[in-house]
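Accompanying notes for the structure given below.
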Amino acid sequence: MAARAVRGMSAPPEVVFNTATDPARASAWLPEPLRGDGSPASEINGEELRARWGGDDADWSAEIRVEPADSGGARIQLDLADGSGGAAPDQLADEALSNLVREVADNLQAG
């Protein structure tokens, strides 16, 4: 099943995108089947702030797009294809974005 989650945050779009695509941080926010072995996303377009991940199971995938928002913030859109056939793909996508928001906050505090 496919799901979409959208969230805004006050961090700059480039910081959000760089955190999302950092292989060391991706394992903290992506759903388990997409975490892989620390490899980077299968597709990264830095100009469009868009990245895509595919899992070992071909039914799992995630695509993130980060866009500028008001006051220097970012709007994050995550499209998630849940290969498990689970009943709550929207909840899984929302949880993944919540985890990404935490990773961005940690990244900003560390830097």
Give me the distance in nm between label points sitting 7 Å out from Cα along the Cα-to-Cβ direction at Ser71 and Glu43, one decimal.
3.4
Summing +1 for each Lys or Arg and -1 for each Asp or Glu, what net charge is found among the other residues whose Cβ lies under 12 Å from the Cβ of Asp90?
-3
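Could you estimate the translational diffusion coefficient of the chain from the Stokes-Einstein equation, with Rh from the Kirkwood formula over C-alpha pairs, at 4 °C and 1.567 mPa s, in whole µm²/s? Walk me through the intermediate numbers first.
Details: Rh = 13.8 Å.
My calculation gives 94 µm²/s for D.
About the Cα centre, and with charges only on the beta carbon of Lys, Arg (+1) and Asp, Glu (-1), how big is the dipole of the chain? Nearest 20 debye, please. Provide the component values of the computation, followed by the final result.
Numbers: 9 positive and 20 negative charges, 56 e Å.
So the magnitude is around 260 debye.
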Kindly report the accessible area of the chain per residue (heavy atoms of protein chains, probe 1.4 Å, no ligands, DNA or RNA), in Å².
53
Quick query: amide H of Ala69 versus all other amide H atoms, modeled in the peptide plane; which residues come in under 5 Å with a sequence gap of 5 or more or a different chain?
Ala74, Arg75
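Heavy atoms only, probe 1.4 Å: what % of the accessible area of the chain goes to carbon and sulfur, would you let me know? Could the numbers behind the result be given before it?
Numbers: 2600 of 5910 Å².
Carbon and sulfur: 44 percent of the exposed surface of the chain.
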GNM top mover of Asn99, Asn45, Asn18 - the chain, alpha-carbon springs below 10 Å:
Asn45
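The values are calculated or read from the model by the stated rules, or taken from the named source; none is laboratory data. Fair warning: this is a prediction, and the values are worked out from it, not measured in the lab. Cβ atoms come from the backbone with ideal geometry, glycine included; neighbour counts cover every protein chain shown. Heavy atoms of the whole protein, side chains included, go into the accessibility calculation; ligands, DNA and RNA do not. Shrake-Rupley method; radii C 1.70, N 1.55, O 1.52, S 1.80 Å.
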